[in-house]
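Here is the structure we will look at.
Derivation of every value follows stated rules applied to the coordinates shown; laboratory data play no part. Treat the numbers as computed from the prediction; the structure is a model and nothing was measured. Here the Cβ is made from the backbone with ideal geometry for all residues, glycine too, and neighbour counts use every protein chain on show.
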Amino acid sequence: MQGLSRTLRLDRGQRLQAVCVLGTSLSVDVNGGAPLECKWFSFRHSPNVELKVLNSDASQQKVINGEKLWPLSIKTLVEFQMTAPSTETNDGKITFAYYGKGSDVPVDKAGIYLTGIEISLDVDADRDGKVEKNNPNKATWTWGPEGQGAILLVNCDKDSLLSRTVDGDDNVAMSKLDILDMSKMLLRIQGPEKLPTGYNLMLYISATDAPSLGVFHLNNKVYKHVLGRHKLFYKVRYTGTGEMEFYVEGLRFPDEGFNGLVTIKASLLETQMQGIPDTPIFTDLVTFRIAPLIITPNTLDPVEVFVCSVKDNYLFLKAIKTLVSEANYNIQVCFEDVNRGDRWMQDEMEFGYIQAPHKSFPVVLDSPRDGELKDFPIRELLGPDFGYVTKLAASSKVTSLDSFGNLEVSPPVTAAGKKYPLGRILIGSSFPTSSGRRMTKVVRDFLYAQRVQSPIELFTDWLYVGHVDEFMTFVPAPDQKGFRLILASPATCFRILQDKKQEGHGDVGILQGFETKRWTVTKILSTDAIVHENRYVQHCIDWNRDILKTELGLTEDDIIDIPALFKLHNGQALAFFPNMVNMIVLGKDLGIPKPYGPVIKETCCLEDYVIDQLKPLELRCTFIDDIVSYHKKLGEVHCGTNVRRKPFPFKWWQMEEP
């Protein structure tokens, strides 16, 4: 609440009219209204007025005819305020009487008529889902369990079939469902039925905030758009004591150059004369933070699995459907009329959610990749309580690293004493000293601006495709840590193959029936190119291993290495056999690319190793044949699927300031 310092000027023989907002005070220069010869003054006031005299020598007071007289000086002020709202206009009164030297009766009088009004612009500043009255912290925004400040959701879903795009794009509230996405704001008034002439109430926003929010006013059961974009102010019709309902929507997420904070002000304006700008005599303001987009890690519980149906993935699709059904989750299949032959569901989009105390809903982040699947997120997912956002990049700057197989999130971690209760975003980039591929700036800026999942850039430009999901993933664990980091490991693969050779299985084949050249255990171990190339790959993975250990606060006990082999193409790495780390995680059920490794005693030794490593975590491994439909097209199970997951139980606004 902000009351401007207001000084009233008295005129001899006149009575001023003024509005006094409760909680603020006025002052009057009593000397200015006094005749020249007067040296003393007295006052009387109605019971609903409190006042005190400033800059008058109390030791020189005297009493005449029962009136206490105060000595006048050039600096004498009387400060006053109203103690309760007025029930009618001008029901607060102060009368000043002026006395000359030696006079027993007033030489002249002046007075003030006051109208008391209570004004409060209110929001859910304490984040309990209810709009409290006049929260002292409503004008600021703070993080943490004891933090204060209201929250807005970006109105990025589509609640009405009549809408052509997201709700926030239109300045129209199509339905009550649309309003329920917004944050409630009340303008509470207590005062007489009418204000004195020359006073008006105004809601307004800055030109800087205007593109970021919209405000609707409920009036006669109609939601009228009153603020936002090109509407910077709204004259509120004063109707006496009551509550005026407003609903506020966010229009854009935090981003580069926009920290997500917006402010709305309510002012009582005083008009001096026609042609002179109105003067704000009281301003109340509220601050909102627009909720960030929170991306979910694959250790959170699944809600729904997404996969494409294309002409050559029937067996893969059947295996995924079986896995999802047995794990008891839902599945949505995108058919060729929508996917147009594009099978890379992971690369097209990333799932997250937005959350405020009053509401939460999922949001799909559409990548700038824009393959043939580009229509799927907005056509099939955007709808009631399902939001959509995309970041557009110049097409010439879009690379493989802009696909969202290159965007993952860790589970909650603590690193260097700092807690990350919503995990940390992981994106692939180029080696720090190179000028290689990076995720496009508009997407990186967007991810950093959300703040609550502080991104980490890893080194992935050594990979031909260049995605983080090609060498790492996270799986849940039943212990206090709650997860393990899984890393692809050529070194582990070589060790397993060496063991099998020593056991006499050197002639057993790998990728039997899928390669024109026959690869045996011995041949792989004795081919210098493969050995040297995988030493390089292991070095690249170890570089990222050290970053992840530092940035996520991990130890070696938190990491599980699983066998993988790579080959270089034009100096960049591709998976030699199906890359098991590129798996789908559905709670305790894992869908892992079938590696077609050496079959010894009727089972694949690479599969056996992975099962043995993950069994202590109570994880069930299902190996899925993706070699023709995905692996040979430079992707695996994770690349061809996507999972919408439940939100974190932790509320993002309870974080210590990120």
Problem - Two-site FRET efficiency, residue 588 against residue 529, from Cβ-Cβ distance with R₀ of 56 Å, rounded to 0.05 - result: 0.90
Exercise for the section: Order the peptides 635-648, 152-165 from the highest to the lowest mean number of other Cβ atoms within 10 Å of their residues. Expected result: 635-648, 152-165
Exercise for the section: May I ask you to derive the FRET efficiency for residue 632 and residue 172 from their Cβ-Cβ distance with R0 = 45 Å, giving the value to the nearest 0.05? Expected result: 0.35
Fill in the blank from the handout: So, relative contact order of the range 378-498 in percent, Cα under 8 Å, 6 or more apart, is 23 percent
Exercise for the section: For residue 130, go through the aspartates and glutamates and keep the ones whose alpha-carbon is under 15 Å away, minus same-chain ones fewer than eight residues off. Expected result: 122, 181, 243, 245
Exercise for the section: Stick to Cα atoms and the Kirkwood definition of Rh, then tell me Rg/Rh for the range 412-493. Expected result: 1.00
Problem - Contour excess over end-to-end distance, with Cα ends at residue 57 and residue 512 and 0.36 nm allotted per residue - result: 153.2 nm
Practice task
Could I have the simple spin-label model distance between residue 218 and residue 271, label points 7 Å from Cα toward Cβ, reported in nm to one decimal?
Solution key: 3.0 nm
Exercise for the section: Take the cross-link list 194/359; 231/359; 321/601 and give me the ones stretching past 31 Å between alpha-carbons. Expected result: 194/359
Practice task
Calculate the spin-label point distance for residue 394 paired with residue 625, positioning each point 7 Å from the Cα along the beta-carbon direction, and give it in nanometres.
Solution key: 4.7 nm
Handout entry: Sequence-distant lysines (8 or more away, or on other chains) whose Cα lies within less than 23 Å of residue 68
Key = 39, 52, 93, 101, 109
Handout entry: Kirkwood-based shape ratio for the range 275-427, expressed as Rg/Rh from alpha carbons
Key = 1.11
Exercise for the section: Could you pull the Cα extents of the chain along its three principal axes, largest to smallest, in whole Å? Expected result: 126, 52, 42
Handout entry: Members of 549/632; 397/441; 500/523 lying beyond 20 Å, as alpha-carbon distances in this model show
Key = 549/632
Handout entry: For the range 294-654: Kirkwood Rh in Å [reciprocal of mean 1/r, alpha carbons]
Key = 20.8 Å
Practice task
Over the Cα atoms of the range 6-96, compute the convex hull volume and normalise it per residue, giving Å³.
Solution key: 107 Å³
Problem - Förster radius 60 Å - calculated FRET efficiency between residue 230 and residue 498, Cβ distance, rounded to 0.05 - result: 0.25
Practice task
With runs of 4+ DSSP H residues as the only contributors, calculate the mean residue ellipticity of the chain at 222 nm using -39,500 (n - 2.57) per run, divided by the residue total and rounded to the nearest 500.
Solution key: -4000 deg cm²/dmol
Fill in the blank from the handout: Within the range 360-377, the residues whose backbone N lies under 18 Å from a label point placed 7 Å from the Cα of residue 340 along the Cα-to-Cβ direction are 366-377
Problem - Estimated D of the range 398-535 in µm² per second, where Rh is the Kirkwood radius over Cα pairs and Stokes-Einstein applies at 10 °C, 1.306 mPa s - result: 89 µm²/s
